[in-house]
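**Q** Dropping a structure here in structure tokens format, bear with me for questions.
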Amino acid sequence: MRQLQKAASIAAFLIVAGMLIHNLNALYLEPYTLGFENPAKDYANMAKIENAIWSFSFTSSGITHIVVGVSLMVLGLFLSEFFKRELPIAAKLIFLSALLSGLGFLLTGISDIPGTAYGGILRELNPDQNTEILLMTTMFRGMVNILAIAGLGWFAGMIAWSGGQTNTFPKGLRIFGWINVLPGIVTLIMPVFGFAYIQLLPLWMLWLGLQIRKLDIPG
């Protein structure tokens, strides 16, 4: 269990690093170097999407999504094991939410890296359907990213609730967890605004990772 605890804390810190890369891309690189100034419209502009393919921003984002996806599954596995004695049903829901969110991030990364390569082959062999193929891959990426964000909100809420029921984590961390639920709800209604999670998640996840390291886990 201690090895899983260590793996979970490392996973949390990897997620923090991934979110910092996402913030760099979303707040600086993409607006100022790629021209994505209006998220509600520019990410639906296939000319801008095509121009950004294999840029540092898009490529690093894809790799980061893969790392975050796997890390969330590891984190969810540990927290599920940690809470299963006192909260057996909640523990299962923690793992399920982490699995769904992790899968969403992983599929987003697969869409970004091998999916982009595959899409490039299709566009090269079917130049008359270039825009349609870009639209198809962009739509798929958007759907799995919504799954990632919604699952992440559910995961944060489960950790906040479970921490409160067992008095495991500090009250401030639990409140911050509930705040991280909001983007997951909003993304199901207005997907563009769900990306607020990028700014909210790093501090919560860093705090969670540090708290996990402090937990007294029997060998």
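Only the coordinates and a few stated rules stand behind these numbers; no lab work does. Please read all numbers here as calculations on a predicted model, not as lab measurements. In this analysis, Cβ positions are derived from the backbone assuming ideal geometry, glycine residues included, and neighbour counts consider all displayed protein chains.
**Q** Within region 120-154, which residues have the backbone N less than 19 Å from the label spot 7 Å out from residue 185 along Cα→beta-carbon, could you tell me?
**A** Inside the label zone: 146-154.
**Q** Additional query: In 5 Å bins starting at zero, report the fraction of Cα pairs in region 96-195 per bin as a rounded %.
**A** The percentages, shortest bin first, are 3, 14, 17, 17, 14, 11, 9, 6, 4, 3, 2, 1.
**Q** Next question, about the same structure. Mind listing the phi-derived Karplus ³J(HN,Hα) values for region 159-164, rounded to whole Hz, using 6.51, -1.76 and 1.60 with θ = phi - 60°, and x for any glycine or proline?
**A** These are the phi-based 3J(HN,Hα) values: 5, 4, 5, 5, x, x Hz.
**Q** To the nearest 0.05, how large is the calculated FRET efficiency for residue 199 and residue 139 if R₀ is 35 Å and r is the Cβ-Cβ distance?
**A** The formula returns an efficiency of 0.90 here.
**Q** Something else about it: Which three semi-axes in whole Å describe the equivalent ellipsoid of region 80-129, each the square root of 5 times a Cα gyration tensor eigenvalue, listed largest first?
**A** In descending order, the three semi-axes are 41, 8, 5 Å.
**Q** Net charge around residue 35, counting only other residues with Cβ within less than 14 Å of its Cβ (Lys, Arg = +1; Asp, Glu = -1)?
**A** That sum, taken over residues with Cβ under 14 Å, equals -2.
**Q** Here's another thing I want to ask about it. Which ³J(HN,Hα) values in Hz, rounded to whole numbers, follow from the phi angles of region 169-182 under the Karplus curve 6.51 cos²θ - 1.76 cosθ + 1.60, where θ = phi - 60° and Gly and Pro get x?
**A** Couplings: 10, x, 4, x, 5, 5, 4, 5, x, 5, 4, 6, 5, 4 Hz.
**Q** In what sequence, highest mean first, do 210-216, 106-112 appear when ranked by Cβ atoms within 10 angstrom?
**A** Ranked by mean Cβ neighbours within 10 Å, highest first: 106-112, 210-216.
**Q** If you don't mind, there's one more thing I want to ask. If you consider only alpha-carbon coordinates, what radius of gyration and Dmax does region 39-131 have, in Å?
**A** When restricted to the Cα atoms of region 39-131, Rg and Dmax are 18.0, 59 Å.
**Q** Normalized C-alpha radius of gyration of the chain, against 2.2 N^0.38 Å?
**A** Working: Rg = 18.2 Å, N = 219, 2.2 N^0.38 = 17.1 Å.
Here the answer is 1.07, to two decimals.
**Q** Enumerate the calculated ³J(HN,Hα) couplings along region 41-54 in order (Karplus 6.51 cos²θ - 1.76 cosθ + 1.60, θ = phi - 60°), each rounded to whole Hz, writing x wherever the residue is Gly or Pro.
**A** Each residue of region 41-54 in turn: 10, 5, 6, 9, 8, 5, 5, 6, 4, 5, 5, 8, 4, 6 Hz.
**Q** On to the next question. Exactly which GluC sites (Glu not before Pro) in region 51-135 are in a DSSP loop and have at most 12 other Cβ atoms within 10 Å?
**A** When the GluC sites (Glu not before Pro) of region 51-135 are filtered for loop state and at most 12 Cβ neighbours within 10 Å, 86 remain.
**Q** Take the Cα coordinates of region 1-56, assign each an equal point scatterer, and use the Debye formula without solvent to give log10 I(q)/I(0) at q = 0.23 Å⁻¹.
**A** Each listed q corresponds, in turn, to -0.86.
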